[in-house]
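The structure appears below as structure tokens.
The values are calculated or read from the model by the stated rules, or taken from the named source; none is laboratory data. Not measured: the values here are computed from a predicted model. Cβ sites come from the backbone with ideal geometry, for glycine too, and all protein chains shown count toward neighbours. In case anyone asks, the SASA skips ligands and DNA or RNA and just uses the protein heavy atoms, side chains included. Shrake-Rupley method; radii C 1.70, N 1.55, O 1.52, S 1.80 Å.
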Amino acid sequence: MRALVTTAHGGLDVMQLQERPLPKPGPGQVRVRIRAAAFNHLDLWVRRGIPAGHWPVPIVPCADGAGTIDLVGPGVAALPHLTVGARVALYPVLSCGHCSQCRAASPQLCRQFGLLGEHVDGCAQEYRLMPADSVLPMPAGLSFTDAAAIPTTFITAWQMLKVRARVQPGESVVVHAAASGVGSAGVQIAAALGAHVIATVRRDRDVERAKALGADEVVRTDDPDWARHVRKLVPGGVHVVFEHIGAATWDGSVRALQRGGRLVTCGATAGHEVTINLRKIFFHSIELIGSTMGTRTDFEAVLTLAGRGLLKPVVGAVRPLAEATDAMGMLERREVFGKVVLTLD
Ligand SMILES: [Zn+2]
């Protein structure tokens, strides 16, 4: 079978297509014939080796993938989605399976948390063995390309908005960077939850994109007064801010909140050190909420909504595995709006 491999840390030239032996499923495992896999920016960080020494190589990239069950190992439950030929999406989190967090169905909080493509080989290969518990049935009508474009960003955004920040219908939510992967998922999920969505963007051309995703209003964060504009749109401030930018937006995000508001964050693409005015936090009863990835239940929820057409991943480019290195370059040079997906037919 063919596999895309990040052979060392470095530039695009470390990417290679390699021939590998076909793996055999062990007890409790299924073998998935991967049909589509999607890159995330994480794949670029892993390839570059930033931070230094953090990530193992060689590794097969792509946390996100979808395909068909190809072979079933011993001891796998006889469920319809675990039979040969079933169309499945892959839950990208691996965990120990027996600690208190795993038993509480929060594998993303397991001390042995691992992500496909980051700690172990990912989905940019023709076959991958998976624990049977980590494959979910794909809703009818969802394409492999769309199913592969969903997992990391939509699971993360669902856990942030629905589970951690507890967004209710009618609440107001600021979603940062609507043109980014997790931002575009956040806008759609906040809208699907019935919230009034204020998206932020940094470029003119992203204003219409944000509205097409379901934003009610759009604010430009290249304007230093952006938080004041939010408070003009929602007097008193918003219920929830969806953060993944960090230092560049943090002060405004706190200012945009109403009293009792919740700030939920999953990332810091523009700086991870910020200053916090504690008086604002306690006098205004602000909740600061961290969040990372999400659960299998979160994945089921977003797949169900995608199957009903209520969530739609933004796919910017689809390329065959043979052109994977070029495709990774497109992501790196930010040439495409939306996910870069590989097909493995
Ligand atoms: Zn565990």
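Numbers for the structure displayed
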read-out: Anisotropy class of region 260-345 from Cα gyration tensor, a/c 1.5 cut; value: oblate
read-out: For Val315, distant residues with modelled amide H under 5 Å away; value: Lys339
read-out: Summed side-chain charge close to Leu321 - residues other than Leu321 whose Cβ falls under 10 Å, Lys, Arg +1, Asp, Glu -1; value: -1
read-out: Net charge of Cβ neighbours under 13 Å - reference Gly260; Lys, Arg +1; Asp, Glu -1; value: +2
read-out: Expected 222 nm ellipticity per residue - DSSP helices of 4 or more, -39500 (n - 2.57), all of the chain, to 500; value: -7000 deg cm²/dmol
read-out: Reachable aspartates and glutamates, given that their alpha-carbon falls under 18 Å from the alpha-carbon of Lys280 and they are not under 8 places away in the same chain; value: Glu243, Asp251
read-out: Karplus 3J(HN,Hα) series, Hz, for region 333-343 with 6.51 cos²θ - 1.76 cosθ + 1.60 (x for Gly, Pro); value: 8, 6, 7, 10, 9, x, 6, 9, 10, 9, 9
read-out: Charge sum, other residues only, whose C-beta stays under 11 Å from Ala63's C-beta, Lys/Arg counted +1 and Asp/Glu -1; value: -4
read-out: Gain upon complete extension [Thr275, Gln16; 0.36 nm per residue less C-alpha separation]; value: 89.0 nm
read-out: Distance from region 10-54 to region 290-321 (C-alpha centre basis), Å; value: 20 Å
read-out: Residues of type aspartates and glutamates that Lys24 reaches as a straight line, Cα spacing below 19 Å, ignoring anything fewer than 8 places off in the same chain; value: Asp70, Asp121, Glu126, Asp133
read-out: FRET efficiency, Asp222 to Ala77 (Cβ-Cβ, R0 35 Å, nearest 0.05); value: 0.10
read-out: Charge dipole of region 154-290 about the Cα centre (unit charges at C-beta), most positive-ward option of Ala179, Ala247, Ile276; value: Ile276
read-out: Zone of Val336's modelled label, taken as backbone nitrogen in region 33-74 under 16 Å from a point 7 Å along Cα→Cβ; value: 35-44, 61-66
read-out: P(r) weight above 37 Å for the chain, C-alpha pairs, percent; value: 18 percent
read-out: Gaussian network model of the chain, Cα within-10 Å springs - most flexible of Val314, Val93, Val14; value: Val14
read-out: Packing-based order for 209-221, 19-31, 104-116, using average beta carbon neighbours within 10 Å, highest first; value: 209-221, 104-116, 19-31
read-out: Gyration tensor (alpha-carbon) shape descriptor, region 15-168, a/c threshold 1.5; value: rounded
read-out: Heavy-atom accessible area per residue - region 154-290, 1.4 Å, Å²; value: 44 Å²
read-out: Potential lengthening between Arg259 and Ser143 on full extension [0.36 nm per residue; Cα-Cα distance subtracted]; value: 37.5 nm
read-out: Carbon and sulfur %, accessible surface of region 39-163 computed with the full protein complex present, 1.4 Å; value: 59 percent
read-out: Relative contact order (%) - the chain, alpha-carbon pairs under 8 angstrom, separation at least six; value: 18 percent
read-out: Virtual paramagnetic centre 7 Å along Cα→Cβ of Lys24, amide N under 13 Å, in region 64-102; value: 72-74
read-out: Gyration tensor verdict on region 139-271 (Cα atoms; rounded if a/c is under 1.5, prolate if a/b is larger than b/c, oblate otherwise); value: prolate
